[in-house]
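What follows is a single structure, written as structure tokens, with notes after it.
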Amino acid sequence: MREFIVEADGGSRGNPGPAGYGSVVIDAATGETLAEAAEYIGVTTNNVAEYRGLLAGLRAAHALDPTARVHVRMDSKLVVEQMSGRWKIKHPAMKPLAAEVAAVFPADQVTYEWIPREQNKHADRLANEAMDSGAEPPRARAATITDKTAADLRAAVNVATPSPGWAPADMGAPATFVLLRHGETPLTPQKRFSGSGGTNPSLSDVGRDQAARAATALAARGTIQDIVASPLTRTRETAAAVAERLGLDVTIEEGLRETDFGAWEGLTFGEVRERYPDDLTTWLADPAAQPTGGGESFAATATRIAATRDKLVAAYAGRTVLLVTHVTPIKTFVQLALDAPLQALFRMELSAASLSAVAYYADGNASVRLFNDTSHLR
């Protein structure tokens with residue numbers, strides 16, 4: 001069985017910016033270069049360019065011998081760890097690229113190794129030549145690289161950047177979630193646990209007024225394109241007030257429901273501390289701990305919210321979506337965006353009918369743009 005070494009690299013001048021990739025296939029036994037591939041792929045991110053370089057290198061190796069064993073060497077820790085299965089691919093827009101990479105060879109024929117940049121000079125040079133030229137270099141030894149067009153891939157990953165901030169302003173819109181906590185219920189001012197396993201209360205008169213004020217504020221923004229809500233009554237009622245004002249329909253998403261607080265539902269914090277002191281202490285110290293009576297842990301909630309986030313980002317790429325949900329889901333959206341520990345949930349204050357916002361980009365990054373804004377309630 002033949003053995004190949006694939007060295008690949010990609011880069012973006014601006015991240016996102018003008019981007020290109022380079023890859024080389026080497027005979028592991030002789031050190032001979034068997035194929036090179038490089039391409040300018042337009043404006044995108046470093047991560048996309050790196051994955052494109054890897055994809056081109058593997059396809060070149062496959063064209064030479066589909067039965068060969070392949071050892072990939074890259075200076076991208078992200079790509080190596082993700083394709084090795086040790087790191088999760090967080091953003092749904094990156095998953096199609098990774099899936100294409102994984103489909104070139106059977107998994108047991110490919111291994112991955114991270115190398116320092118200085119040991120990846122050949123592929124790095126090809127990538128820089130591609131970026132310099134703005135066109136595909138006329139080089140291909142012993143293999144023809146068949147690939148999707150840059151336009152097709154850019155459409156597939158929908159590369160986007162924020163308008164103000166760290167990147168150019170002309171890159172298109174990210175998937176932006178405006179997060180609205182529901183208005184008050186009779187349990188809210190008493191600070192009682194109110195999750196998805198309790199009495200499912202409706203909004204109080206105060207809560208309905210808060211929902212109306214939030215609707216007015218969001219109408220003034222003029223940016224909301226879709227509304228998605230938790231299935232619980234208080235979020236449905238809040239979403240309905242906004243939808244009526246904006247002339248939009250409401251989509252119900254089960255994944256946006258509040259945490260189930262088990263036997264603590266309807267109790268105040270003090271009552272829980274009095275009745276279940278040991279369980280409460282454990283819960284405050286360990287995000288994997290469940291509330292008494294088989295409630296949902298914060299770790300389980302985070303897993304659910306991450307899956308819901310991925311689903312919604314894929315469904316609403318490039319759009320601004322109002323998510324009407326609850327305290328724990330909103331805090332978890334922010335915690336995940338910041339890559340903060342789950343204990344950070346205990347250090348966030350989130351008021352009834354408050355607005356927060358997180359933008360999600362095609363390379364898996366996120367930007368928290370707003371948190372706990374209550375100015376529309378004053």
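What follows is calculated from the coordinates using simple rules that are stated; it is not laboratory data. Everything numeric in this text was worked out from a predicted model, so none of it was measured. All Cβ positions, glycine included, derive from the backbone under ideal geometry; neighbour counts span all protein chains shown.
For this structure, a couple of remarks:
- Centroid-to-centroid separation of region 254-280 and region 360-378 [C-alpha atoms, Å]: 27
- Full-stretch length increase - Leu377, Thr33 - with 0.36 nm per residue and alpha-carbon distance subtracted: 117.2 nm
- For the chain: lysine pairs under 25 Å (alpha-carbon distance), excluding those fewer than 8 apart on one chain: 16
- Computed from Cα atoms, the angle from the helix 233-246 axis to the main principal axis of the chain rounds to 70 degrees.
- Thr281 paired with Lys121, simple spin-label distance in nm, labels 7 Å along Cα-to-beta-carbon: 6.2
- Computed over neighbours whose Cβ is under 15 Å from that of Arg221, the net charge equals +2, Lys and Arg +1, Asp and Glu -1.
- Pairwise centroid distance, computed over Cα atoms, of region 1-56 with region 222-236, Å: 43
- You can think of it this way: the chain between Thr111 and Thr251 has 46.1 nm of extra reach, that is 0.36 nm per residue less the Cα-Cα gap.
- Calculated FRET value between Phe269 and Thr216, using beta carbons and R₀ = 25 Å, to 0.05: 0.15
- Rounded, prolate or oblate (a/c below 1.5 giving rounded, otherwise prolate when a/b exceeds b/c) for region 175-377 by Cα gyration tensor: oblate
- For Lys88 and Arg13, the FRET efficiency from 1/(1 + (r/R0)^6), where r spans their Cβ atoms and R0 equals 35 Å, is about 0.80.
- Positive-end extreme of charge dipole, the chain - chosen from His182, Ala307, Ala340 (charges on Cβ): His182
- The mean sequence distance of close C-alpha pairs (under 8 Å, at least 6 residues apart), as a share of the length of region 167-295, puts its relative contact order at 27 percent.
- Reduced Cα scattering model of region 213-296, Debye log10 I(q)/I(0), q = 0.19, 0.23 Å⁻¹: -0.81, -0.97
- Fewest-first sequence of Val79, Val43, Val6, Val101 by Cβ atoms within 10 Å of each Cβ: Val43, Val101, Val6, Val79
- Rg/Rh for region 254-335 stands at 1.06; both radii use Cα atoms, and Rh follows the Kirkwood definition.
- Where labels lie 7 Å past Cα in the beta-carbon direction, separation of Asp205 and Ala288 in nm: 4.9
- Relative contact order computed over region 175-377 (Cα-Cα under 8 Å; 6+ residues apart), in percent: 31
- Backbone N under 15 Å from the Met348 label point (7 Å along Cα→Cβ), restricted to region 186-220: none
- Computed from the C-beta positions of Ala98 and Asn128 and an R0 of 35 Å, the FRET efficiency is 0.90 to the nearest 0.05.
- Rounded if a/c under 1.5, otherwise prolate or oblate - region 333-378, Cα gyration tensor axes: oblate
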